[in-house]
Amino acid sequence: MSKEFDAPFIKTRVTEHFIMKDVLIALIPVSVMAVMNFGISSLMILTIGVVSAVFFEYAYQKAMKKAITIKDLSAAVTGLLIGLSLPSTAPLWIVVFGTAVAILFVKQLPGGIGKNTFNPAVFSRVLIKILFTPFITNWVLPGPDAVSTATPLRFIGNGSKAIPSDAPTFYDAFMGNIGGNVGEMVKWAILLGFAYLVIRKVISFWVPASMMAGLFLTMLLFGESNVGFALYHVITGTVMFAAVFMVTDYTSGPLNKKARIYYALLIGILTGILRYVFDLPGGVGIAILIMNLLAPVIDGICTPRVFGHNVRIIPVSSIFRK
Amino acid sequence: MGIFKFLTAKGIRIPNHKEKTKDLKIEDMKAPKYLCYPMSMHIGKPAKPTVKVGDIVKIGTLIGESEEGVSANIHASVSGKVVSVGEEEGFRGDSESIIIENDYRDDKEKLEELFEDITIEDFVDRLEKAGITGKGGAGFPAHIKYDMERNEVKYLVINGAECEPYSTADHRCMVEYADEIVKITKLILKIYHVNEAYIAVEKDMKESKDALDKAIKKSKTENIRLYELPTLYPQGHEALQIDQILGIEIKQGQLPGDLGVLLSNVSTIKAIYDVIFKNESFHKRIITVTGPMIQNPKNVMVRIGTKVESIVEACGGFHEGERINIKGGPMMGKSFEDLSLPVDKDTTTLLFLKKDSKEEERSCIRCARCINHCPVSLQPILISNAYRNLEYKMGITLKSESCISCGTCSYICPSRINLLDDIQKLNKEMEGKEDE
């Protein structure tokens, strides 16, 4: 009897390339809106982001004599995410620095796709924020005039419990008529990408929803049941973008469905705490990185009960990445 | 946990490829000149030959006698002369085999007539004599399954959910023998004093559902119910189906019988009908011959012992090109090279696929599709990692022995990691070592 082909003899047509292509498609609305709002400068940022990320992956794998995996498009996704999470005024060298950190240090050093502990895009974004704050916080309003502005988060951070009257309106925040990173402002474009990913079964609806719910509930608590205030937190800053495109990252999150929901919920809660107690506007990124570290623990706790067994045994040593 | 129940996937959708054969009537295939009967065509011990070279046999003559324990009788499926008794290759490896030369007279040796009131002992005895084994793919002797004296039978489930893509043998059996299936089900209910029987059918297979529905109405039985299962893989699995229909979870190490559940495949039920009402021993079965490489896909009624090559010939031969031959469906079947192997009692499907170049395995991207779709909630990628890191003990912690080999994990992996293969290798490695 031949052992050359083992069952199953058929395979799904979904490959990792297929999945990453779907993520890129889901990023089209935000990318288009980024270019519409900020013109050539954001187009440059996005292009440089993608090209440099792919280049770094190729160069590293070539140099290390590994199989070239740029065709799986994961580097392109990382590059695009980094570009989208920078303001239009960011210098291009920062984009290149960001993709270099993400691809070389965060992703390839531990062994490439699936092996990294941290989300590459989030890690490099937080690092950029720490190192180069003056360069990447020149927020401007959309449009040709590049009017300087502040992000809405300035109005609601620092222990405030309600939205001040001079803060941008809900409508402006939702439509992206505010200052912010190029890909994160237009909320309806993010939701469009969200819907696409859910329909294509790339991500679960409940993961981004739990992250937003976690933040909403935390802010409801801090804001003394001020629903508007809590909602304002959800639709401002990078929350929605991160919930859809970063909290759902396969590699840096847990594996089990249940664990992914708890993980997302905790990111939301942690973001709320960081925003309120520590007055950190970049709280989302830090919350994600902290939870990246804790993901294996949540996974272990959420080990499913195997059919036909009464007890659940948590496989302590298997939950860490190999 | 209950609140997350809505997240649990009950199975996966796989393109079913049944359209080619699902409307084709079962064709009686002419028996070939020579037929080969391996004494090992069921789970357990091979049967012991009871004939010698030169003996004259009829359809239904006992040629292999069941051994002690798990084993089953084997009968001739043609009339003719025994020409050889010796080692031959079969689907279950080399075993003692009997070759019979067909005289095309089709003389029959029938089982004795049964009396009106059949007891459980009569019934089980009859199944044992007739050599009935499960026709769904595992080949478990039916007389052992139905020997339920120790336990009260509470439920009867008849499995008509043929979840493997391409296979339509059970579907056709339900369409063409719906009345027989209902009739024998009624009898089994009576013999075992069971109140209710469920016949599980797949939602997408409308014809078989309608045929059974009509047959049930015609027979005016109210205690046989159709249970519609969504078309998902692996709905046909015994334990999962019992869980789905009856809400009874069969624990590790238990058999459905221990919980008072009898479950048989529709084709097995049809074979039991022939044994009880037609006094025929188990000697033929319905096989779906299909796949892109066969000229004329068909559902055929084949005598057990017919060689694959004769069946292929009856289906117009192959298309040009490299192919993989599979016994069973594409998810759980086994590949084979030699076309001279004889069909045995649990050959449901002969599938001939195009041989594609095997895709390279790539790194896991931690998408967790294998974990989230495993029908028994295993974590395939973690078991695979444990196997590859030689941490076999971890395999026990992860309950890898609960794997039902459905292949969902390997099917769904976007990086083409052969997870099922790793799990099976680990289980093999751990066999008998659990006491250490």
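The values are calculated or read from the model by the stated rules, or taken from the named source; none is laboratory data. Given the structure is predicted, the values throughout are model-derived calculations rather than measurements. Don't worry about glycine lacking a Cβ; one is built from the backbone with ideal geometry, like all the others, and counts go over all protein chains shown.
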Going residue by residue through the stretch A:260-279, is there one that turns out to be within 14 Å of another protein chain (Cβ to nearest Cβ), farther than 16 Å from A:Phe216 by Cα and surrounded by fewer than 23 Cβ atoms within 10 Å (Cβ to Cβ)?
no
Please go through (1) modelled with pLDDT of 70 or more; (2) surrounded by 17 or more Cβ atoms within 10 Å (Cβ to Cβ); (3) not in a loop (DSSP other than H, G, I, E, B) for A:Leu217 and return the number of the only condition it doesn't satisfy.
(2)
Consider B:Lys358 carefully, then state whether it is of a type in the set (Lys, Arg), over 30 Å from A:Lys258 (Cβ atoms) and touching a residue at least 24 places away in the same chain (Cβ under 8 Å).
no
So, of the residues in the stretch B:152-193 that are out of contact with any strand residue (DSSP E or B) (no Cβ under 8 Å at 6 or more places or on another chain) and among the acidic types (Asp, Glu), which turns out to be farthest from B:Asp28 (Cα to Cα)?
B:Glu152
Checked against (1) within 14 Å of another protein chain (Cβ to nearest Cβ); (2) surrounded by 21 or more Cβ atoms within 10 Å (Cβ to Cβ); (3) out of contact with any Asp or Glu (no Cβ under 6 Å at 6 or more places or on another chain); (4) hydrophobic (A, V, I, L, M, F, W, C), A:Phe18 satisfies every condition except (2)
Number of the exception - B:Leu127 against (1) within 30 Å of B:His193 (Cα to Cα); (2) at pLDDT below 90
(2)
Hey, can you tell me all the residues within the stretch A:164-206 that are part of a loop (DSSP other than H, G, I, E, B), of a type outside the set (Gly, Ala, Ser), touching a Leu at 6+ places or on another chain (Cβ under 8 Å) and surrounded by fewer than 22 Cβ atoms within 10 Å (Cβ to Cβ)?
A:Asn177
Hey, does the stretch A:25-46 have a residue that's buried (at least 16 other Cβ atoms within 10 Å of the Cβ) and within 8 Å of chain B (Cβ to nearest Cβ)?
no
Filtered residues of the stretch A:185-210 (kept if touching a residue at least 12 places away in the same chain (Cβ under 8 Å), more than 14 Å from chain B (Cβ to nearest Cβ) and not small (Gly, Ala, Ser)):
A:Met185, A:Val186, A:Lys187, A:Trp188, A:Ile190, A:Leu191, A:Leu192, A:Phe194, A:Tyr196, A:Pro208
Subset of the stretch B:209-226 [closer than 19 Å to B:Val194 by Cα and either without any contact (Cβ under 8 Å) to a residue 40 or more places away in the chain or not in a strand (DSSP E or B) (or both)]
B:Ile216, B:Ser219, B:Lys220, B:Thr221, B:Glu222, B:Asn223, B:Arg225, B:Leu226
Lone qualifier among B:Ile158, B:Ile188, B:Ile132 - being within 21 Å of the chain's Cα centre (by Cα), modelled with pLDDT of 90 or more and more than 30 Å from B:Pro330 (Cα to Cα)
B:Ile188
Is it true that some residue in the stretch B:347-366 is in contact with a strand residue (DSSP E or B) (Cβ under 8 Å, 6 or more places away or on another chain), surrounded by 19 or more Cβ atoms within 10 Å (Cβ to Cβ) and at the interface with chain A (Cβ under 10 Å from one of its Cβ atoms)?
yes
Mind listing whichever residues of the stretch B:400-419 are touching a residue at least 40 places away in the same chain (Cβ under 8 Å) and farther than 17 Å from A:Val14 by Cβ?
B:Glu401, B:Ser402, B:Ile404, B:Ser405, B:Cys406
Of the conditions (1) touching a Leu at 6+ places or on another chain (Cβ under 7 Å); (2) more than 14 Å from chain B (Cβ to nearest Cβ), the single one that A:Phe229 does not satisfy is (1)
Could you tell me whether B:Ser335 is within 14 Å of chain A (Cβ to nearest Cβ) and surrounded by fewer than 24 Cβ atoms within 10 Å (Cβ to Cβ)?
yes
Of all residues in the stretch B:302-332 being of a type in the set (Lys, Arg) and closer than 21 Å to B:Ser79 by Cα, the one that is farthest from the other protein chains (Cβ to nearest Cβ)
B:Arg303
Just give me the residues in the stretch B:403-423 being surrounded by fewer than 18 Cβ atoms within 10 Å (Cβ to Cβ) and within 19 Å of A:His309 (Cα to Cα), in sequence order.
B:Ser405
Kindly state which strands (runs of 3 or more DSSP E) lie completely within the stretch B:256-312 and contain at least 3 residues that are within 22 Å of B:Leu341 (Cα to Cα).
B:284-290, B:298-303
Which one of B:Ser410, B:Ser377, B:Ser415 is assigned to a loop (DSSP other than H, G, I, E, B), among the hydroxyl-bearing types (Ser, Thr, Tyr), in contact with a helix residue (DSSP H, G or I) (Cβ under 6 Å, 6 or more places away or on another chain) and at the interface with another protein chain (Cβ under 7 Å from one of its Cβ atoms)?
B:Ser415
Can you confirm whether A:Ala287 is buried (at least 19 other Cβ atoms within 10 Å of the Cβ), in contact (Cβ under 8 Å) with a residue 24 or more places away in the chain and either away from chain B (no Cβ under 14 Å) or over 23 Å from A:Val30 (Cα atoms) (or both)?
no
Scanning for something touching a residue at least 40 places away in the same chain (Cβ under 8 Å) and more than 24 Å from A:Val234 (Cβ to Cβ), does the stretch A:265-278 turn up at least one residue?
no
I'd like the full set of residues that are under 27 Å from the mean Cα position of the chain (by Cα) and facing chain A (nearest Cβ under 7 Å), limited to the stretch B:380-402.
B:Lys399, B:Ser402
Counting only residues that are among the hydroxyl-bearing types (Ser, Thr, Tyr) and either under 18 Å from A:Arg125 (Cβ atoms) or more than 16 Å from the chain's Cα centre (by Cα) (or both), give me the helices (runs of 4 or more DSSP H) lying completely in the stretch A:28-93 with at least 3 of them.
A:40-63
